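Below: the structure, in structure tokens.
The values are calculated or read from the model by the stated rules, or taken from the named source; none is laboratory data. All figures in this text were calculated on a predicted structure; none of them were measured in a lab. Methodologically, a virtual Cβ is constructed for each residue, glycine included, from the backbone with ideal geometry; neighbour enumeration extends over all protein chains shown. We work out accessible area using only protein heavy atoms, side chains counted, and drop any ligands, DNA or RNA first. Shrake-Rupley method; radii C 1.70, N 1.55, O 1.52, S 1.80 Å.
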Amino acid sequence: MREFKILAVVVFFSLVTYWGVEPFAHSQMHKHVEGDNFQYSDLEDSGKVGDAQRGANTFMSAGCIGCHSVESQGMAAPMDPVMAAGAYGVNPPDLSTAGALYDEKFLAELIKNPAHALNVEHKFDPAKGKVHPMPGFYGLGGDRDQEVADIVAYLKSIAPAEVEPKQAFQDACGRCHEMRYADWTQIGETPKFDSKQESLKHQLKVANYQDKLKDYMGKTPPDLSMMIRSRSEHFLSTFIEDPQSQLPGTSMPRVGLTEEGKDKVLAYMTEIGDPSKEKREAVGPWVIGFFVLFTILAYFWKKSMWRDLH
Amino acid sequence: MAKFEKANSVEEWLDQRLAINKVKKVMAYEYWIPKDINFLWAMGMILAMTFGVLTISGIFLLMYYKPDVNLAFDSVNYTIMSEVGYGWLWRHMHGVAASLVFLIIYIHMFTGIYYGSYKKGREMIWLSGMLLFVTFSAEAFSGYMLPWGQMSYWAGMVITNLFSAGSLELNGLVEWIRGDYVPGDAFLTRFFMLHVLLLPLVIMGVIGLHFASLRIPHVNNQEGEDFDFDEEAEKYKAGKKKESKVIPFQPVFLSKDVFVMGVFMIFYFYLVFYHYQFALDPVNFDPADGLKTPAHIYPEWYFLWSYEILRPFSKDIGLVAFGFAQVAFFLLPFLDKSPNTKPAHKRGKAFVAWFWIMIVDMIVLTVMGKVPPVSPFNEIGLVAALVFIGLFVALPIITKKEKAV
Amino acid sequence: MNEERRDFLGKALGGVAGIGGIAALYAAKRSWDPLPSVKAAGFTTIDLSAAEENVLHVDKWRGKPIFVLKKSADMEPNDRDIVIGEDRFHVSIGLCTHLGCIPAYLPGEEKFKCACHGGEFDTSGQQTFGPPPSPLVVPPFKIDGTKVVLGEAGPEYEQMKSAGITA
Ligand code: HEM
Ligand code: FES
């Protein structure tokens with residue numbers, strides 16, 4: 001009985017200490033951000049139903065492919081990534097998966113008013129002579145909201161039904177962020193080189209791209225290899241949904257992922273940054289079970305040893 | 001030269017040359033421990049075992065770790081965590097054991113304080129134990145540098161700056177410790193050396209000293225009872241196990257230890273697999289960046305109480321207070337003037353109060369050391385720091401008044 | 001009875017601890033296995049079209065030297081040769097089968113000579129003199145046009161292997 005009382009005291013003080021330095025201290029350090037469940041409630045829904053076929057034409061007439069590639073439809077990028085970054089600050093994304101990854105409302109707003117959709121109006125204020133590199137779409141003369149809805153419908157129609165986590169990460173985050181544990185740089189996966197010259201040439205290209213990106217963003221966006229372990233899942237979710245909510249003033253734009261898209265991105269970041277997660281879950285019960293068995297036997301052994309002492 | 005008879009077994013052969021039977025007797029089968037003890041007396045062996053776990057897991061980390069500012073982070077976070085077979089397990093085991101060892105150290109220390117086990121001939125046990133606390137602290141700090149993440153770098157920056165000794169501005173000393181103007185390659189490599197070679201050697205030596213210091217005064221017991229160990233041992237050997245107040249270390253005392261170790265291991269591996277963030281701080285998964293301090297920097301939880309004693313004061317006073325906190329517990333056997341070697345509850349209300357206020361105060365300091373330095377935490381921290389100092393000033397006074405029981 | 005029970009419990013506990021020890025040794029063993037990145041890097045492609053007759057070309061595969069020797073017409077053909085069109089090549093791991101030194105090629109004498117203990121091999125890699133117990137080892141290869149990929153076992157290699165002419 002006495003041993004249990006002592007144990008209760010020890011456990012009590014240990015738990016109080018734990019509570020104080022972990023949950024309590026962290027609640028004091030980080031402000032709590034409630035997410036919006038990827039509703040993008042600040043953006044309007046025009047209510048228009050888009051038509052993919054019309055959208056295909058509108059898409060071509062709107063001049064999107066002047067800057068964007070749509071590889072899945074055989075539309076190649078007009079410039080290589082380094083040149084594109086020189087022209088726009090960052091390489092404009094390929095749109096093959098856009099319809100699957102991004103929220104519809106977000107896409108519609110992005111087409112009309114990029115700086116607003118991306119939540120970077122603090123950086124791009126036309127009044128101060130700073131315009132976003134992607135021009136807004138002013139319409140082809142008809143109902144602009146309808147035209148935009150058509151384009152969105154078109155993008156959705158060409159998007160693959162299922163986007164792999166890796167693809168989701170590369171398309172949504174990979175033009176600004178490196179992921180060196182997956183051999184990923186902002187200009188793509190690093191190939192194997194036979195000669196030192198070729199390898200150095202490639203490194204120079206990456207460095208040039210990153211330079212442009214740094215000029216554009218104000219700082220080089222961080223490598224994301226270990227972010228899944230250095231930030232909590234809640235932080236990453238709310239941050240991806242709206243970077244301003246966690247880091248006011250940050251130059252990272254809102255990405256506009258759907259909840260599903262975000263889950264895929266996080267799944268890939270886990271695969272690269274925390275590859276032992278599955279193994280931990282597989283091995284853990286065995287090791288703990290082993291020690292439970294060990295402890296039960298040890299208990300009876302102890303009892304048998306102490307039996308004739310009292 | 002001694003005479004050697006022909007040996008009839010390997011054991012006998014060894015015994016002739018190494019006296020293994022004598023050694024076994026002295027070290028284990030006839031090393032007498034009081035019977036009247038509770039599970040808190042198993043903490044010492046748990047510490048020894050945890051040190052073993054740290055050594056083994058550390059050896060495996062050592063085989064892939066690279067002490068170079070350009071390689072360290074990736075060697076830990078990429079090579080060890082995702083490439084090496086079970087590398088993640090060694091790392092989680094190492095990190096969690098390093099943190100948990102301090103919880104056990106604190107329990108072990110406060111057990112000693114509660115039962116008065118640092119008094120009347122047991123001073124060396126206490127002093128060698130405190131030396132272990134200091135060397136383990138240095139070991140943990142040097143280890144924390146190795147992954148070269150943001151916390152490694154900034155903890156290295158802040159702690160080495162302490163050596164400038166406030167207004168004495170011993171910047172030369174700080175640079176000497178770092179081998180650089182800031183923590184850099186030389187710093188990482190020398191702390192690597194300290195962590196894997198010099199400090200483990202010192203720890204092993206001091207563990208030896210700690211164990212040796214237990215021999216003559218013997219281990220204390222739950223009631224602080226003073227008896228003749230030889231007499232009690234004779235009773236045990238004569239088969240009067242019930243009357244005897246002692247038990248042999250091997251196998252009786254150990255059988256209880258092994259059970260407590262089992263319970264501890266269940267808890268430990270639960271933390272290793274499912275609940276390790278408290279020991280492997282997320283911030284340290286960001287690579288070191290000398291141009292950007294993390295929004296919140298704080299030491300590992302076991303250093304928080306002494307760190308908090310430094311925080312509320314101006315630079316110089318803070319350093320003096322911090323220095324005091326580091327050595328205060330060394331003085332315990334000399335500040336406790338009581339004639340009694342008894343558990344706290346038998347020594348009278350004053351000491352009981354002192355004990356529990358000390359525990360609560362250290363927990364308050366620990367928590368305040370982690371939260372951001374804003375009001376009201378600053379004020380709470382200041383009060384707790386003053387209480388801590390006050391408790392040490394009060395100890396000789398209240399213990400002197402204690403009546404012998 | 002009591003004694004027996006105690007003994008049994010002690011042994012059972014020891015046994016369980018032993019099983020745990022073995023499991024830990026398995027984890028320790030796995031920690032020493034070559035890393036995935038090392039294994040993935042275990043392939044080397046060598047283009048044979050550039051080789052000149054009777055000139056030894058040395059490449060590297062899995063950290064080991066690789067001998068590539070294009071045979072001239074006067075050199076005896078051998079089942080160990082890699083044949084591409086009209087050309088015959090001797091390709092082997094350039095480590096002496098005695099104790100692992102790198103033999104030197106002597107083009108004048110058309111043979112390999114190992115400086116360590118005087119072992120010699122002919123242009124097909126067969127030992128002709130001294131302590132080496134067996135021919136130079138042909139690495140796993142796959143023919144791909146005029147190139148060979150080392151580390152991958154193609155049909156020609158499997159054939160050599162089953163004929164027992166390389167280790
Ligand atoms: C001889 C025994 C030891 C060896 C060979 C050893 C070796 C290592 C190595 C190579 C690392 C770097 C890899 C890593 O960070 O995970 C490390 C980290 C560390 N060690 Fe040790 N260590 C030993 C004992 C200890 C002890 C006794 C403690 C604490 C009381 C300790 C505390 C730490 C800590 C806190 C880290 C950082 C863990 C992390 O954040 O990952 N080590 N150790
Ligand atoms: S190693 Fe070549 S002959 Fe001995």
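Kindly evaluate A:LEU236 against the criterion of being aliphatic (A, V, I, L, M) and open to solvent by 30 Å² or more (accessible area, probe 1.4 Å). Against the criterion (aliphatic (A, V, I, L, M) and open to solvent by 30 Å² or more (accessible area, probe 1.4 Å)), A:LEU236 does not qualify.
Take B:GLU243 and decide whether it is farther than 30 Å from A:VAL11 by Cα and either within 11 Å of another protein chain (Cβ to nearest Cβ) or outside any helix (DSSP H, G or I) (or both).
Values: farther than 30 Å from A:VAL11 by Cα: yes; either within 11 Å of another protein chain (Cβ to nearest Cβ) or outside any helix (DSSP H, G or I) (or both): yes.
So B:GLU243 passes the test.
Out of all the residues in the range B:75-91, is one or more open to solvent by less than 30 Å² (accessible area, probe 1.4 Å) and in contact with a strand residue (DSSP E or B) (Cβ under 6 Å, 6 or more places away or on another chain)? No, the conditions are met nowhere in the range B:75-91.
Would you list the strands (runs of 3 or more DSSP E) that sit entirely within the range C:92-154 and hold 2 or more residues that are within 13 Å of ligand 2 (Cβ to nearest atom)?
The strands (runs of 3 or more DSSP E) meeting that bar are C:111-113, C:127-129.
Suppose we filter A:PRO191, A:PRO221 for residues that are open to solvent by 40 Å² or more (accessible area, probe 1.4 Å) and either within 22 Å of A:GLN167 (Cβ to Cβ) or assigned to a helix (DSSP H, G or I) (or both); which single one remains?
On inspection, the qualifying residue turns out to be A:PRO191.
Taken over the range A:15-56, residues that are more than 10 Å from every other protein chain (Cβ to nearest Cβ) and in a loop (DSSP other than H, G, I, E, B) amount to 21. Scanning the range C:12-43 for residues that are among the basic types (Lys, Arg) and surrounded by 12 or more Cβ atoms within 10 Å (Cβ to Cβ) gives C:ARG30, C:LYS39. Filtering the range A:241-300 to residues that are surrounded by fewer than 19 Cβ atoms within 10 Å (Cβ to Cβ) and of a type in the set (Lys, Arg) leaves A:LYS277, A:LYS279, A:ARG280.
Residue by residue through the range B:252-283, note down the ones that are within 12 Å of ligand 1 (Cβ to nearest atom) and touching a Lys or Arg at 6+ places or on another chain (Cβ under 7 Å). Full working, then the answer.
First pass over the range B:252-283, keeping only residues within 12 Å of ligand 1 (Cβ to nearest atom): B:276-283.
Selection gives B:PRO282 alone.
A:LEU95 meets the conditions (1) more than 20 Å from A:SER157 (Cβ to Cβ); (2) under 21 Å from the mean Cα position of the chain (by Cα) in every case but one. The failed one is (1).
Being closer than 27 Å to A:MET29 by Cα, touching a Cys at 6+ places or on another chain (Cβ under 7 Å) and in the same structural domain as A:HIS122 (by TED's automatic domain parsing) is the requirement here; does A:LEU224 meet it? Yes. Which residues, taken from the range B:156-179, are within 13 Å of B:GLY290 (Cα to Cα) and open to solvent by 20 Å² or more (accessible area, probe 1.4 Å)? The answer is B:MET157, B:VAL158. Selection of the range B:8-62 for residues being open to solvent by 70 Å² or more (accessible area, probe 1.4 Å), touching a helix residue (DSSP H, G or I) at 6+ places or on another chain (Cβ under 7 Å) and within 16 Å of ligand 1 (Cβ to nearest atom) yields only B:LEU62. On the basis of being at positive phi and at pLDDT 90 or above, does C:ASN54 make the cut? It is true that C:ASN54 is at positive phi and at pLDDT 90 or above. Determine whether B:TYR118 is touching a helix residue (DSSP H, G or I) at 6+ places or on another chain (Cβ under 6 Å) and either open to solvent by 20 Å² or more (accessible area, probe 1.4 Å) or within 16 Å of ligand 2 (Cβ to nearest atom) (or both). Taking the combined requirement at face value, the residue does not satisfy it. Filtering the range C:152-167 to residues that are touching a residue at least 60 places away in the same chain (Cβ under 8 Å) and in contact with a Lys or Arg (Cβ under 7 Å, 6 or more places away or on another chain) leaves C:GLU152, C:MET160, C:ILE165, C:THR166.
Within the option set C:VAL149, C:VAL138, C:VAL91, being open to solvent by less than 60 Å² (accessible area, probe 1.4 Å), assigned by TED's automatic domain parsing to the domain that holds C:ASN54, in contact (Cβ under 8 Å) with a residue 24 or more places away in the chain and in contact with a helix residue (DSSP H, G or I) (Cβ under 7 Å, 6 or more places away or on another chain) holds for one residue only, C:VAL138.
Here the helices (runs of 4 or more DSSP H) wholly within the range A:101-170 that include at least 2 residues being open to solvent by 30 Å² or more (accessible area, probe 1.4 Å) are A:104-112, A:144-158.
Within the range B:334-357, take every residue that is part of a helix (DSSP H, G or I) and closer than 23 Å to B:ILE37 by Cβ and give me the one that is nearest to the other protein chains (Cβ to nearest Cβ). Give the steps one after another, and end with the answer.
Of the range B:334-357, the ones part of a helix (DSSP H, G or I) are B:334-335, B:344-346, B:349-357.
Still in the running and closer than 23 Å to B:ILE37 by Cβ: B:344-346, B:351-352, B:355-356.
Details: B:ALA344: 12, B:HIS345: 12, B:LYS346: 14, B:PHE351: 17, B:VAL352: 13, B:PHE355: 12, B:TRP356: 10 Å.
In this case the residue turns out to be B:TRP356.
Determine which member of the set A:SER251, A:SER304 is within 14 Å of another protein chain (Cβ to nearest Cβ) and of a type outside the set (Phe, Trp, Tyr). Spell out the reasoning first.
On the way: A:SER251 fails: within 14 Å of another protein chain (Cβ to nearest Cβ).
Going through A:SER251, A:SER304 in turn, the sole match is A:SER304.
For first residues located in the range A:41-62 and of a type in the set (Val, Ile, Thr), partners that are not in a helix (DSSP H, G or I) and lie 6+ apart or on another chain with Cβ distances below 7 Å form the pairs A:THR58/A:LEU140.
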